[in-house]
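All remarks here apply to the structure that follows.
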Amino acid sequence: MSRVDVEIPAPDGIAKGSLHVPDGAGPWPGVLVFPDAGGLRETFREMGDRIAGLGYVALIPDIYYRAGEWAPFDVATLFTDKQQRARLLRLTGALTNERIIADAGAYSGFLLARPEVTGSAIGTTGYCLGGRMSLIAAGGLGRVIAAAASFHGGRLAVADDPNSPHLAADRITATVYVAGAVEDGSFTAEQAELLDRALSDAGVDHIVEFYPAHHGFAMADNATYDADAAARHWEALGRLYGSSL
């Protein structure tokens, strides 16, 4: 497995990224990884290594590239430190659905153009904020996304939100896997029911379920990391990509 620092031509500049390539001759299917609110960091590079170990080329972009050289967050205090939280809200506030889709198009195009990558479609996975982005990308890019996963993503199906990802269910052609956390107010049982109904009505092959864990269960640098839930998430990704890519 190898890591390559890359620069991705994006709609509003250059997004830095981390590309993770399996050992061997290749080529392999590609996977676009949307990080959580903490952004691209070593924890996600390690996850990219793990995805490469499963036999996929993983690309992890800097989703905050519009901010230039932004200072890394301390994940341990990200949601309790007022200054960090205010800075985070400024960065996430720039990620409108339109920008998320445009950026995802650039990231996926870059990935598919790599000589290490095969096929005409990719998989996505996302965490927290990135879980929402993964579904928005699936709704915006159509057949470019063959499989889309969301882990402890928030606000995936909010009835009074015109930007809610579930509203684009009829434009999703990917197989979708969503795993929420039972202890997570950002994705409730009511949201899960609405999302499941929207995907079912649109004829999308999907699973929506909950893990007995807290928000952030898949992230090793998060205080709510849960080894059992994280292992279950890796198994789910393996099944999703193995059947769709």
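Of all residues in region 17-38, those satisfying the criterion of being of a type outside the set (Asp, Glu), at pLDDT 95 or above and either within 11 Å of Tyr127 (Cβ to Cβ) or in contact with a Gly (Cβ under 7 Å, 6 or more places away or on another chain) (or both) are Ser18, His20, Pro22, Trp28, Pro29, Val31, Val33, Phe34, Pro35.
Each row is one residue, and each column tells you yes or no for (1) under 28 Å from Leu78 (Cα atoms); (2) open to solvent by 70 Å² or more (accessible area, probe 1.4 Å); (3) in contact (Cβ under 8 Å) with a residue 24 or more places away in the chain; (4) touching a Lys or Arg at 6+ places or on another chain (Cβ under 6 Å).
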| position | (1), (2), (3), (4) |
| --- | --- |
| Met1 | no, yes, yes, no |
| Pro9 | no, yes, yes, no |
| Gly26 | no, no, yes, no |
| Val31 | yes, no, yes, no |
| Gly39 | yes, no, yes, no |
| Phe44 | yes, no, yes, no |
| Ala52 | no, no, yes, no |
| Val57 | no, no, yes, no |
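Look through Ser186, Ser164 and report the one residue that is open to solvent by less than 30 Å² (accessible area, probe 1.4 Å) and among the hydroxyl-bearing types (Ser, Thr, Tyr). Working first, answer last.
Numbers: Ser186 fails: open to solvent by less than 30 Å² (accessible area, probe 1.4 Å).
Going through Ser186, Ser164 in turn, the sole match is Ser164.
Identify, from the list Ala148, Ala138, Ala179, the residue that is outside any strand (DSSP E or B), small (Gly, Ala, Ser) and surrounded by 14 or more Cβ atoms within 10 Å (Cβ to Cβ). Can you show your working first?
Details: Ala148 fails: outside any strand (DSSP E or B); Ala179 fails: outside any strand (DSSP E or B).
After applying the criteria, what remains is Ala138.
Criterion first (over 19 Å from Leu245 (Cα atoms) and either open to solvent by 20 Å² or more (accessible area, probe 1.4 Å) or aliphatic (A, V, I, L, M) (or both)) does Arg114 satisfy it? Break it down into steps so the answer makes sense when it comes.
Details: over 19 Å from Leu245 (Cα atoms): no; either open to solvent by 20 Å² or more (accessible area, probe 1.4 Å) or aliphatic (A, V, I, L, M) (or both): yes.
When the stated conditions are applied, Arg114 does not pass them.
Residue count for region 105-161 under the criterion of being farther than 29 Å from Tyr211 by Cβ and touching a strand residue (DSSP E or B) at 6+ places or on another chain (Cβ under 7 Å): the result is 7. Out of curiosity, is Gly242 of a type outside the set (A, V, I, L, M), open to solvent by 30 Å² or more (accessible area, probe 1.4 Å), touching a helix residue (DSSP H, G or I) at 6+ places or on another chain (Cβ under 9 Å) and free of Cβ contacts under 8 Å to residues at least 12 places away in the same chain? For Gly242, the condition - of a type outside the set (A, V, I, L, M), open to solvent by 30 Å² or more (accessible area, probe 1.4 Å), touching a helix residue (DSSP H, G or I) at 6+ places or on another chain (Cβ under 9 Å) and free of Cβ contacts under 8 Å to residues at least 12 places away in the same chain - is not met.
Take Ile207 and decide whether it is open to solvent by 40 Å² or more (accessible area, probe 1.4 Å) and touching a residue at least 12 places away in the same chain (Cβ under 8 Å). Let's see the steps before the verdict.
Working: open to solvent by 40 Å² or more (accessible area, probe 1.4 Å): yes; touching a residue at least 12 places away in the same chain (Cβ under 8 Å): yes.
Considered against the rule, which asks whether it is open to solvent by 40 Å² or more (accessible area, probe 1.4 Å) and touching a residue at least 12 places away in the same chain (Cβ under 8 Å), Ile207 comes out as yes.
The values are calculated or read from the model by the stated rules, or taken from the named source; none is laboratory data. Note that the structure is predicted; figures quoted are calculated from it, not measured. FYI the Cβ positions are ideal-geometry reconstructions off the backbone, even for glycines, and counts take in every protein chain you see. With ligands, DNA and RNA removed, areas are computed over all heavy atoms of the protein, side chains included. Shrake-Rupley method; radii C 1.70, N 1.55, O 1.52, S 1.80 Å.
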